[in-house]
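The values are calculated or read from the model by the stated rules, or taken from the named source; none is laboratory data. None of the values given here were measured: they were computed from a predicted structure. All Cβ positions, even for glycine, are placed from backbone atoms using ideal geometry, and neighbour counts span all protein chains on display.
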Amino acid sequence: MLGSAKIPPLNFGSAKIPSSPVSAESVAAFNATKQKLEEAEDLQWELRKKYLDDKAKYGQSSSETIASYDAYKACLQSIDNLRKELSSPRINT
C-alpha cells in the first residue's frame with residue numbers, strides 16, 4: 001500500500017504555525033490567574049470537608065450545612081471561571 005498510486009503520500013513534517021511574541025503583561029496575567037486557580041483548588045477541598053462535616057454534625061437541611069454548601073458551590077464556579085480564563089486566547093497570547 002505504500003507505493004499505491006491511489007493513496008497520496010503523507011507529509012510527515014512539522015506544521016508551520018505562525019508565532020507571535022508573548023508580552024510580559026500576558027505572561028504575568030497568566031501566572032497570576034494560575035496562582036489564583038491553585039489557591040481556589042486548595043480552598044475547594046477545605047470547603048468540601050467543612051460541608052461534609054456540617055452535614056454529618058447538623059443534618060442535611062440545617063442553615064450551617066446550607067451555608068457551607070453554598071460556599072463550596074461558589075468556589076467550584078470560581079474554579080470553572082478561572083479555568084476558562086486560562087484557556088482563553090486573550091491570556092495565552
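Tabulated data for the structure shown
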item: Meets criteria (at pLDDT below 95 and either surrounded by 10 or more Cβ atoms within 10 Å (Cβ to Cβ) or in contact with a helix residue (DSSP H, G or I) (Cβ under 8 Å, 6 or more places away or on another chain) (or both)) for residue 11; result: no
item: Matching residues, region 67-80, being surrounded by 13 or more Cβ atoms within 10 Å (Cβ to Cβ), under 16 Å from residue 41 (Cα atoms) and among the hydrophobic types (A, V, I, L, M, F, W, C); result: 71, 75, 76, 79
item: Residues of region 42-66 satisfying the condition of being under 21 Å from residue 77 (Cβ atoms), acidic (Asp, Glu) and exposed (fewer than 15 other Cβ atoms within 10 Å of the Cβ); result: 42, 46
